[in-house]
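Here the structure is laid out as structure tokens; the discussion comes afterwards.
What follows is calculated from the coordinates using simple rules that are stated; it is not laboratory data. Remember, predicted model here, so these are calculated numbers, not experimental data. In this analysis, Cβ positions are derived from the backbone assuming ideal geometry, glycine residues included, and neighbour counts consider all displayed protein chains.
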Amino acid sequence: MINKLKQALQERILILDGAMGTMLQAYNFNEEDFRGERFKNFHLSVKGNNDMLSLTQPEAIAEVHRKYFEAGADIVETNTFSSTTIAMADYEMEEYVYDLNYASAKIAKDVATEFTKKEPHKPRFVAGSIGPTNKTASMSPDVNDPGFRAVSFDELRVAYKQQVEALMDGGVDILLVETVFDTLNAKACLFAIEEVKEERNSDLPVMVSGTITDASGRTLSGQTAEAFLISISHIPLLSVGFNCALGASQLQPHLEAIAGKTRFGISAHPNAGLPNAFGEYDETPEQMASQIQKYIDKNLVNIIGGCCGTTPEHIKAIAQIAEGVTPRPISL
């Protein structure tokens, strides 16, 4: 599949899926739905822990993947954004991390295989989603103690390694280190990935996607887009790019800042605009696609999809404008 992926990237712009959380909200799952049979008597409330739905509502997760593939996605992300021991500590579910990642990868891979069999000319791929965790390694959460760190590099490395091993066991085609707000966290993850790849003699491709947090044009840990690119370019990557926090038009200058400075692929999965007063995303598929058309006109991207607020309709609109376009040249 790696050769097929690289060949596809040379031939066309690949389409990534849209938001998982946005889609799951429509199911209106209650506490009992989240628990399922397996966690029926769990001692904490688990409503809102979307990653555990891969264990308790697997058909819903499969259905979301199917809808994105039907909309034109080449790549879907596993439902594992928070599936590390560090992030799962909020629900005291650290011991289930392997199961969460393995099950999520297997669900996505089974759906991808189903679509590839139907359309062998358009192979479908699975990206193992690795979120940033809810802790930061390079800044203190306590303004009165700037030297304090809530997590260490090594703690992150160990947690990420567990996640990566389970995702690989479940059959992912790519590892996607995404929504990077602290590059030190990402470096711990990339270190863990390189460890696992070496141990398993694997050449699994890796995507890295940072997040520009505000109008300053920097990540939360203070890097510009170009600095972020430089600080991770020692690792051979399939792609580097940005996702979340901003809508497509606000993200464009940051893609422009890196597109001419790397031979890696460039990825982008922006939000459906900026959130309104209720935290909802209002940008229509047509509005979002018209902004992404500018990415394509300027030859900025190799992989394009959607983050918060996006749906299969958004991905379909994006896939339509990307169809038949010659991609930005890259070295693989």
With an 8 Å cut-off on Cα pairs and a minimum separation of 6 or more residues, tell me the relative contact order of the chain in percent. 20 percent
Between LEU332 and GLN7, with labels modelled 7 Å along Cα→Cβ, what's the label distance in nm to one decimal, could you check? 1.0 nm
Rounded to the nearest 500 deg cm²/dmol, what is the calculated helix-only ellipticity per residue at 222 nm for the chain, with -39500 (n - 2.57) per DSSP H run of length n ≥ 4? -13000 deg cm²/dmol
Using the basic label-point model (7 angstrom from Cα toward the beta carbon), what is the ASN299 to ASN41 distance in nanometres? 6.4 nm
The local net charge around GLU313, scoring Lys/Arg +1 and Asp/Glu -1 for residues other than GLU313 whose Cβ lies under 14 Å from its Cβ, equals -3
Candidates ALA71, ALA159, ALA257: whichever shows maximal mean-square fluctuation once the chain is modelled as a Gaussian network with Cα springs under 10 Å: ALA257
Per DSSP, loop GluC sites (Glu not before Pro) in region 203-280 with at most 15 further Cβ within 10 Å: GLU280
Provide the net charge surrounding THR284, with neighbours chosen by a C-beta distance below 15 Å and charges set as Lys +1, Arg +1, Asp -1, Glu -1. -4
For region 31-120, listing GluC sites (Glu not before Pro) in a DSSP loop whose Cβ sees at most 13 other Cβ atoms within 10 Å gives GLU37, GLU92
In the chain, what percentage of the DSSP-assigned beta bridges are antiparallel, given to the nearest 5? 5 percent
Checked against a 25 Å limit on the C-alpha separation, the offending pairs among LYS118/LYS316; LYS109/LYS135; LYS106/LYS135; LYS6/LYS117 are LYS109/LYS135; LYS106/LYS135
Gaussian network model of the chain, springs between alpha carbon atoms under 10 Å - residue of PHE242, PHE39, PHE69 with greatest fluctuation: PHE39
